[in-house]
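Structure, as structure tokens:
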Amino acid sequence: MSIEHGGKSVYGATLGIIMLEAIFPRIKGDMGNATTWPFPVQYRVVRGASPDKVVRRDPRDMMEAFVDAAKDLVASGCDGITTNCGFLALIQEEIAKQVPVPVATSSLMQLPMIEKLLPAGKRVGIITISSKTLSVEHLRAAGIDNPETVPIVGTDNGRAFTHGILDNQPSIDFEACRLDMLDAARELVTTHEDIGAILFECTNMSPYAADVRKATGLPVFSIYSFVHWFHQALVPDAFPLTLDDPRHC
């Protein structure tokens, strides 16, 4: 007989996602579209935390609300916390102090690991939703050494991506967003010939990873790749111990 132990309010959804408050549409592949994930997740929206406030200003002004959301997700049964904005790297340290589970606030946290994967002489380039406000401080908070040397290109001057999301538009031309992403990727690799991999800062960029990979031929990392890695640690796949193990069936 198997004895199960309780202690949670919700079971089977171990990953918690802290969401900004926004109304722009979210296609599959976007972190805020629940059908993106092949596993269940729990969401908490931080009221008043608009994309504009978090990206163009300072999310630490709303630190208490983000901490409360993280604590609520843990109370609801989450064993790991992430967020839907790369700029929330600025609150990584504080959230991690306040909750008893692992926290991964930003896709940018992948950069040091990606660098270790690359051939000698190659480095990681970042595509961000706002190159005007993504600062050395954000990169340092994500655990990036020598942030001043990281190549960064933004979609700031594009057709639709930055405007649609940061200005919280109720409708978005996603084909125009795709073209913005391709333009940014091409600018990144032509301006910096030593790019060996591309990292998306923005969690809304994941739907365009395959297009950017095809256009550049480079590995593309995003919040989607990060969360899959993170979730695998929270809910590891079970493998049969023997060929006739019932889990093998």
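The values are calculated or read from the model by the stated rules, or taken from the named source; none is laboratory data. Nothing here was measured: the structure is a model prediction, and the numbers come from that model. Reconstructed Cβ throughout: ideal geometry from the backbone, glycine too, with neighbour counts over all protein chains shown. The accessibility values were calculated without ligands, DNA or RNA, using every heavy atom of the protein model including side chains. Shrake-Rupley method; radii C 1.70, N 1.55, O 1.52, S 1.80 Å.
Note on the stretch 38-58: residues that are in a helix (DSSP H, G or I) and touching a helix residue (DSSP H, G or I) at 6+ places or on another chain (Cβ under 6 Å) total 4. Among the numbered conditions (1) in contact (Cβ under 8 Å) with a residue 60 or more places away in the chain; (2) surrounded by fewer than 20 Cβ atoms within 10 Å (Cβ to Cβ); (3) closer than 17 Å to Thr203 by Cβ, the only one that Pro170 does not meet is (3).
Yes or no: Glu115 open to solvent by 10 Å² or more (accessible area, probe 1.4 Å), touching a Leu at 6+ places or on another chain (Cβ under 8 Å) and not in a loop (DSSP other than H, G, I, E, B)? It is false that Glu115 is open to solvent by 10 Å² or more (accessible area, probe 1.4 Å), touching a Leu at 6+ places or on another chain (Cβ under 8 Å) and not in a loop (DSSP other than H, G, I, E, B). Within the stretch 220-239, identify whether any single residue is modelled with pLDDT of 95 or more and touching a Lys or Arg at 6+ places or on another chain (Cβ under 7 Å), and answer yes or no. Within the stretch 220-239, one or more residues are modelled with pLDDT of 95 or more and touching a Lys or Arg at 6+ places or on another chain (Cβ under 7 Å).
Residues in the stretch 57-91 that are open to solvent by 10 Å² or more (accessible area, probe 1.4 Å), within 30 Å of Pro219 (Cβ to Cβ) and aliphatic (A, V, I, L, M): Leu90 alone.
Give the residue that is farthest from the chain's Cα centre (by Cα), with candidates limited to residues of the stretch 118-139 that are closer than 30 Å to Asp167 by Cα and open to solvent by 70 Å² or more (accessible area, probe 1.4 Å). The extreme case among them is Lys132. Of the residues contained in the stretch 119-134, none is found to be more than 23 Å from Ile18 (Cβ to Cβ) and assigned to a helix (DSSP H, G or I). Checked against the criterion of being surrounded by fewer than 16 Cβ atoms within 10 Å (Cβ to Cβ), assigned to a helix (DSSP H, G or I), at negative phi and in contact with a strand residue (DSSP E or B) (Cβ under 9 Å, 6 or more places away or on another chain), the candidates Ala184, Ala233, Ala176 yield just one match: Ala233. In the stretch 92-101, the count of residues that are closer than 19 Å to Val220 by Cα, surrounded by fewer than 24 Cβ atoms within 10 Å (Cβ to Cβ), at pLDDT 95 or above and touching a helix residue (DSSP H, G or I) at 6+ places or on another chain (Cβ under 6 Å) is zero. Here Thr35 meets the list (1) assigned to a helix (DSSP H, G or I); (2) polar (S, T, N, Q); (3) over 15 Å from Val227 (Cα atoms) almost entirely, failing just condition (3). Selection within the stretch 203-220: residues that are open to solvent by less than 10 Å² (accessible area, probe 1.4 Å) and within 10 Å of the chain's Cα centre (by Cα). The member of this set that is farthest from Trp37 (Cα to Cα) is Met205. Every condition in (1) over 23 Å from Ile23 (Cβ atoms); (2) touching a residue at least 24 places away in the same chain (Cβ under 8 Å); (3) part of a loop (DSSP other than H, G, I, E, B) is met by Glu93 except one, and the failing one is (3). Take the conditions open to solvent by less than 60 Å² (accessible area, probe 1.4 Å) and more than 23 Å from Ala142 (Cα to Cα) and apply them to Arg26. Does it pass? Yes, satisfied.
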